[in-house]
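Structure first, then comments.
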Amino acid sequence: MRWSLSVWLTALLATSTAWADISAAQRWIEQEFTPSSLTRAQQLEELKWFASAADSLKRQGITHIRVVSERIDTHEYESKILSKAFEEITGIKVQHDVITEGELVDKLYAAMLTGSHEYDGWISDSDLIGTHYRYGAVVPLSDYMQGAGRDFTNPTLDLKDFIGLQFTTAPDGKLYQLPDQQFANLYWFRADWFARKDLQEKFLAKYGYPLGVPKNWSAYEDIANFFTNDVQELDGKKVYGHMDYGKRDPSLGWRFTDAWLSMAGAADKGIPNGLPVDEWGIRVASDQCTPVGASVARGGAVNSPAAVFALRKYVEWLKKYAPPEAVDMTFSDAGPVPAQGQIAQQIFWYTAFTAPLTQPGIAAVNKDGTPKWRMAPSPHGPYWKTGMQNGYQDVGAWTFLKSTPPLNMSAAWLYAQFVTSKTVSLRKSVVGLTFIRESDIKHPYFTRHADRYGGLIEFYRSPARVAWTPTGTNVPDYPRMARLWWANVATAVSGKKTPQEAMDKLANEMDDVLTELQQAGMQHCTPRMNPKLDPARRLSAKGSPWQQLKDEKPLGETIPYEKLLKAWKEGRVQ
């Protein structure tokens, strides 16, 4: 058989490219993608598949894609390291932008509404699942993997290994997003300070119960007061019994929509989000899908006694027990503060900050590298009842819009699978500690190093990881409704409105949005508003919106941390 010169050169180029891909893959496996739940041979086979799948896209002119995510350690690692690895292995360059979450949500929403194409792939919170399901602008991955994306779907993707798929699946049973990172909001405390005999004796003498992990908000408040006003100083520093943030900023909205009302007990019982009233205070009809109101007058709970109590305590604790500068901080500003060694506890602490809090040399880490702090379930407010949502878990997940050109989406889908692949995910978990795969959580590496993460490994190996849940499908338009929260909460922080006035205004504005969506119509589960009634007729002792308690500060209750850890290890939530 005789080949022409052009055919021979094409074949030689293809062979050289293949060898270069293998060489790059081997180098990345040896230098970066260790440890892994796969053997090196299995890693190499997986990376060879990515290189091969990318070849067909390059032949069709795809050499560059652009994706975006919010700014956390995990995504910084993807942007700076994994995008480079993907380019060297596949030949497709990735511009992985990292921006604030507020900006990301706004850009995504604009693209959904206009059909514009700014990014080929988005890592967006699963909190938008109700929006994606109703607007029809997002590609259902279940359909894509079986259809147009079949040839670009990794045979070793192993969806069953992902721990957050239930949060990215809509009521139609379809998967809309692929989890890329997960973190929960938990209780954080300085275990070394809590273990001091002198402090234990003083606390017991003053409050009549042991210093320990608070089970209710009463105990949290007592501990906050104790460290701020009684202890005052430790290790030569002024100490505070509470940490939070209060700046008028989109992140102030997450502080509430990320399950603060349900932690107080404002929602109904039911996992993942409370039915018929969820953690946002939105009621749905008996079909468990159709929103019917947010205000108490329409059967919702946004301005219910429990919700107002939740806002009042947030403001009170921020101003009484946190550092004075906290009121002017955002989520990102406040995150690093506990590492500085002045905070005794934090009721609303995201495990996304675990990695920075394990760095050697900081005030919150011992000389041997073990943390002085621990994490535990956040305490519940007085309205909370067994069977309600325990707290919030963030699931940042790959999301693709129907407006994306097909070849660009295929390339972005390859990159999404690459940064979540078994070849890469364990190393990414070590860097960012935002687990997405069962195989990573249970890997011997984390068994050996569990004592360095203050309870995080035990949490994610327990049933607790599914009792902490993201925003659910009751919210029909997350971007539009989320922005109502921070603007109204800020008026209570500033003192311009009372907590009741702030929540009344928020509830009415949410009802207005739901009414407009009802009039406009949606693809699925269009809101259908309940009539307004006297709020007193809606309040109940049997379900949300709950009637006001006579005593909103019962006796404080604590539990030794060792008992909580034992429960997690034995497979119990707490």
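The values are calculated or read from the model by the stated rules, or taken from the named source; none is laboratory data. None of these values were measured; they are calculated from a predicted model. With ideal geometry, Cβ positions are generated from the backbone for all residues, glycine too; neighbour counts draw on all protein chains shown. When the accessible area is computed, the model is the full protein with side chains, heavy atoms only, and any ligands, DNA or RNA have been set aside. Shrake-Rupley method; radii C 1.70, N 1.55, O 1.52, S 1.80 Å.
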Mind checking whether some residue in region 158-174 is in a helix (DSSP H, G or I), farther than 30 Å from residue 471 by Cα and either touching a residue at least 60 places away in the same chain (Cβ under 8 Å) or of a type in the set (D, E, K, R) (or both)?
-> no
Do we have any residue at all in region 548-557 that's small (Gly, Ala, Ser) and either in a loop (DSSP other than H, G, I, E, B) or more than 30 Å from residue 195 (Cα to Cα) (or both)?
-> yes
All helices (runs of 4 or more DSSP H) inside region 385-493 with 2 or more residues being open to solvent by less than 30 Å² (accessible area, probe 1.4 Å) and within 30 Å of residue 366 (Cβ to Cβ) = 422-432, 438-441, 456-460
Of the numbered conditions (1) within 19 Å of residue 177 (Cα to Cα); (2) part of a helix (DSSP H, G or I); (3) out of contact with any Gly (no Cβ under 8 Å at 6 or more places or on another chain), residue 87 fails exactly one; give the number of that condition.
-> (1)
Take the residues of region 528-570 that are of a type in the set (Lys, Arg) and without any contact (Cβ under 8 Å) to a residue 12 or more places away in the chain: which is farthest from residue 265 (Cα to Cα)?
-> 566
Selection over region 256-291 where residues are among the hydrophobic types (A, V, I, L, M, F, W, C), over 23 Å from the mean Cα position of the chain (by Cα) and either open to solvent by less than 10 Å² (accessible area, probe 1.4 Å) or at pLDDT below 95 (or both) yields a count of 1
Would you be able to say whether some residue in region 81-91 is at pLDDT below 95, among the basic types (Lys, Arg) and either surrounded by fewer than 21 Cβ atoms within 10 Å (Cβ to Cβ) or within 14 Å of residue 421 (Cβ to Cβ) (or both)?
-> no
Reported set for region 501-537 where residues are more than 27 Å from the chain's Cα centre (by Cα) and in a loop (DSSP other than H, G, I, E, B) is 521, 528, 529, 530, 531, 532, 533, 534
